[in-house]
Amino acid sequence: RAFVAQTLLPLMQAADERSPLYFVDATHPAHTGRPAHGWMRKGITRELRSNHGRVHLNINGALCWHDRSIVHRQEEKITSAAMIALLEDIAARHPSASPISVVIDNAKYNISREIKEWFGREACRIKPIYLPSYAPNLNMIERFWRFMKRKVLHNKYYPKLADFRAAFDAFFATIGGWKAELETLLTPKFHFIGTPANGIP
């Protein structure tokens with residue numbers, strides 16, 4: 001609660017093109033069917049084909065808070081080098097902005113010597129904002145990943161890995177079509193553990 005009140009909400013309220021704020025994290029969707037709720041007639045059985053699920057995509061992404069845009073990269077593996085590549089993409093979008101705040105968790109690749117040295121460069125305009133431990137609910141991009149998986153994975157079967165990858169590419173290519181739904185999802189409201197359900201994902 002203190003982190004949200006003292007750090008996160010002030011940054012979100014002040015975010016604009018001159019001082020952008022990004023929520024950053026990776027996701028790893030597995031190539032397999034994901035059963036979800038749906039309507040069907042009573043007595044009817046639906047079969048969802050699936051794959052072995054041992055192959056994943058590694059998508060590293062960042063949600064820009066003030067305009068709700070997304071920067072993303074597909075990587076073989078999420079490492080400090082992969083994270084730096086994403087941060088450089090973010091910096092390139094805002095050539096005159098300073099600082100550019102990025103909210104990140106405490107994964108090993110976010111606290112490594114390599115990335116700390118990168119953040120410590122004199123010319124670095126990106127400022128890391130580390131989340132409290134065990135607080136993924138405070139990282140806004142987690143809501144976006146959940147939304148993406150619902151649209152791309154739920155009750156879907158992709159026979160080949162190429163089909164699976166193409167489905168995610170198509171989602172990002174047409175992301176503007178989800179603007180209205182995303183605006184209702186990506187709001188500055190947070191659910192805290194120990195409080196009654198308040199409708200926040």
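Quick notes on this structure:
- Taking the numbered list (1) modelled with pLDDT of 95 or more; (2) more than 19 Å from His72 (Cα to Cα) in turn, Thr184 passes all entries but (1).
- Residues satisfying the stated conditions in region 1-37, i.e. assigned to a helix (DSSP H, G or I) and open to solvent by 20 Å² or more (accessible area, probe 1.4 Å): Ala2, Phe3, Ala5, Gln6, Thr7, Leu9, Pro10, Leu11, Gln13, Ala14
- Verdict on Ala123 being open to solvent by 20 Å² or more (accessible area, probe 1.4 Å), free of Cβ contacts under 8 Å to residues at least 12 places away in the same chain and either farther than 19 Å from Thr7 by Cβ or not small (Gly, Ala, Ser) (or both): yes
- Scanning region 38-62 for residues that are farther than 14 Å from Lys156 by Cβ, open to solvent by 50 Å² or more (accessible area, probe 1.4 Å) and under 27 Å from the mean Cα position of the chain (by Cα) yields His52, Arg54, Val55, His56.
Yes/no per residue for (1) open to solvent by 70 Å² or more (accessible area, probe 1.4 Å); (2) aromatic (Phe, Trp, Tyr); (3) closer than 15 Å to Leu63 by Cβ; (4) modelled with pLDDT of 95 or more:
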site	(1), (2), (3), (4)
Lys156	yes, no, no, no
Ala166	no, no, no, yes
His191	no, no, no, no
Ala197	yes, no, no, no
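- Of everything in region 126-149 that is free of Cβ contacts under 8 Å to residues at least 40 places away in the same chain and surrounded by 12 or more Cβ atoms within 10 Å (Cβ to Cβ), the residue that is farthest from Val24 (Cα to Cα) is Phe147.
The values are calculated or read from the model by the stated rules, or taken from the named source; none is laboratory data. Since we're looking at a predicted model, the values are computed, not measured. Ideal geometry is used to build each Cβ from the backbone, glycine not excepted, and the neighbour counts take in all protein chains shown. Side chains are part of the model used for accessible areas, which takes the heavy atoms of the whole protein and leaves out ligands, DNA and RNA. Shrake-Rupley method; radii C 1.70, N 1.55, O 1.52, S 1.80 Å.
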